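A quick write-up on the structure given underneath.
The values are calculated or read from the model by the stated rules, or taken from the named source; none is laboratory data. Computed from a predicted structure; not experimentally measured. Neighbour counts are summed over all protein chains in view; Cβ atoms, including those assigned to glycine, are modelled from backbone coordinates with ideal geometry. For accessibility, only protein heavy atoms count, side chains too; no ligands or nucleic acids. Shrake-Rupley method; radii C 1.70, N 1.55, O 1.52, S 1.80 Å.
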Amino acid sequence: MTDDTTPPQDDDLEIPTGDLSEDQVRLALRRVKDPEIGLNIVDLGLIYEVSLDGADVNVDMSLTSPGCPAGPQILHDAEEQIRALPGVGGVNVNLVWSPPWTPERIEPRVRAYLGF
């Protein structure tokens, strides 16, 4: 039984097979964690948009700050998780700063766990 204050575990997420979907991409991105915070980038609200153009995947995402030292690692890990999905063609991960990330973008359950 899970407690509502416990953040979800993302390492063993099963991604359904079949036609590539935005939901599959988001599930894959849940495997990418911000190493400084220890939470996945989806729950942190860093993923702004996921779109598909056939087999090509486009993701707009941000970081918690422009000077985030883990930024290059997070972007690399995001691209690698998407590329590992069956049926993916090209991958384009765009780093965007507008709108700027704020803690209000964190998933509400995780925000409560963090004490925000």
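Does segment 78-116 hold any residues that are of a type in the set (A, V, I, L, M) and touching a strand residue (DSSP E or B) at 6+ places or on another chain (Cβ under 9 Å), and which are they?
A78, I82, L85, V88, V91, V93, L95, V96, I106, V110, L114
For residues that are open to solvent by 60 Å² or more (accessible area, probe 1.4 Å) and assigned to a strand (DSSP E or B), scanning just segment 43-54, find the one that is farthest from E107 (Cα to Cα).
Ranking the candidates gives D53 first.
Cβ-Cβ below 7 Å, separation at least six or inter-chain, first residue in segment 55-68 and at negative phi, second surrounded by fewer than 16 Cβ atoms within 10 Å (Cβ to Cβ) and among the hydroxyl-bearing types (S, T, Y): which pairs?
N58/S51; D60/Y48; M61/Y48; S62/Y48
Out of all the residues in segment 19-42, which are open to solvent by less than 10 Å² (accessible area, probe 1.4 Å) and over 23 Å from G87 (Cα atoms)?
Answer for segment 19-42, where residues must be open to solvent by less than 10 Å² (accessible area, probe 1.4 Å) and over 23 Å from G87 (Cα atoms): D34, N40.
Conditions: (1) touching a residue at least 24 places away in the same chain (Cβ under 8 Å); (2) open to solvent by 10 Å² or more (accessible area, probe 1.4 Å); (3) not hydroxyl-bearing (S, T, Y). I74 meets all but one. Number of the miss?
(2)
In segment 94-107, how many residues are closer than 18 Å to A78 by Cα and surrounded by 17 or more Cβ atoms within 10 Å (Cβ to Cβ)?
We begin by selecting, within segment 94-107, every residue closer than 18 Å to A78 by Cα; these are 94-97, 101, 106.
In the following step, the residues that additionally are surrounded by 17 or more Cβ atoms within 10 Å (Cβ to Cβ) were identified as 101, 106.
Matching residues across segment 94-107 total 2.
Among V110, V91, V57, which is the only one that is surrounded by 14 or more Cβ atoms within 10 Å (Cβ to Cβ), hydrophobic (A, V, I, L, M, F, W, C), at pLDDT below 95 and out of contact with any Ser or Thr (no Cβ under 7 Å at 6 or more places or on another chain)?
Only one candidate qualifies: V110.
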